[in-house]
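The values are calculated or read from the model by the stated rules, or taken from the named source; none is laboratory data. Everything numeric in this text was worked out from a predicted model, so none of it was measured. Don't worry about glycine lacking a Cβ; one is built from the backbone with ideal geometry, like all the others, and counts go over all protein chains shown. Protein only, heavy atoms only, side chains kept; ligands, DNA and RNA dropped before computing areas. Shrake-Rupley method; radii C 1.70, N 1.55, O 1.52, S 1.80 Å.
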Amino acid sequence: MKFLQALYVQIRQALSWPVALCGLLTALMMELSVAGIIAGYFSGLDPYVNVWYLVNSNGAALLTLFVAPALPFAMSLTRDWDSRAVPYWTVREGIARYTVSKLLASAAAGLLTVGLGLTLFVLGNGMFLPWFKSCSGVDYETLFEEGHIFLGWISYILHMSLSGALIGALGMFMSILVPNQFVAVSAPLAIHLTVMRVIPTELISPISIWHPVNWVESVHCTFSPWLTLLGKFLLTAGFCGLMCIAGCVCMKRRLEHG
């Protein structure tokens, strides 16, 4: 019960106007990144453009998926340190409850940021473009091919929203290690670029869930769209669980030696 109360406090702080603003910013950045493609459609140069094609041609993925989800709430822990509120909250709620609730609230904010941004982007472009064309019959495209357009979009948006949850939690986790607002926002992207350089990705199947590009940016392939969504959920939950455990340990040590 005490954990739920602590989580409620953090969720209430996280789900405020910055989430809506960052969601709108995400949709705007995606729209600007495909403006040339849309212009080609209206000029008749590329009549095969559709919303699904635009989503998969997003040139602002590094910003919308690795930066925007950390903006609404990942910096809140640093602000708590600066205002000397962390000792108060950890005494009142306990170190573990405070830390885990911060991480989960940041994950929720990241999830809603990407979910809202994608929804606005899809609905906005769906008003004048076809929702889907030319499927290859894999993953969520299978749902489109079977005529389940709405279900296909819901599944895809949820999949990518889980990426936002992972980045939101990672930004908060990094601010536990280095209490700096810039680190909270920039660290997820820096970590992703480093991982892509360090891990021998050529030895991992590009359609596997274990390929680093599929942790956030892309969709891995399975035999069923439901297995794909379940795999993404378990991957996100696993990473967030590890960050919660490590975050509690790091926060305890920081307070003990602070």
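A few remarks follow.
- Candidate cross-link partners of LYS102 among the lysines, defined by an alpha-carbon separation under 26 Å and a same-chain spacing of 8 or more, comprise LYS2, LYS232, LYS252.
- Restricting the calculation to Cα atoms, region 1-134 yields a radius of gyration followed by a Dmax of 19.2, 64 Å.
- Each distinct pair of alpha carbons in the chain adds a 1/r term; the inverse of their mean, the Kirkwood radius, is 19.2 Å.
- Applying 1/(1 + (r/R0)^6) with r as the Cβ-Cβ distance of LEU177 and ALA35 and R0 = 45 angstrom yields a FRET efficiency of 0.75.
- Accessible area of the chain belonging to carbon and sulfur atoms, whole % at 1.4 Å probe: 70 percent
- Start at zero, step by 10 Å, and the Cα-Cα distances of region 1-54 spread as 21, 27, 19, 16, 12, 5 percent across the bins.
- ARG84, ARG97, ARG253, ARG79, ranked by accessible area, largest first (probe 1.4 Å): ARG84, ARG253, ARG79, ARG97
- Karplus (6.51, -1.76, 1.60) ³J(HN,Hα), θ = phi - 60°, over region 92-97, in Hz, Gly and Pro reported as x: 6, 9, x, 4, 5, 5
- Modelled label positions at LEU123 and ILE204, each set 7 Å beyond Cα in the direction of Cβ, lie 3.5 nm from each other.
- Cβ charges +1 (Lys, Arg) and -1 (Asp, Glu), total dipole of region 1-257, debye: 1120 debye
- Approximating the spin labels as points 7 Å out from Cα along Cα→Cβ, the LEU234-to-ARG92 distance works out to 3.9 nm.
- Using the Cβ-Cβ distance between SER186 and GLN5 with R0 = 41 Å, the FRET efficiency computed as 1/(1 + (r/R0)^6) comes to roughly 0.80.
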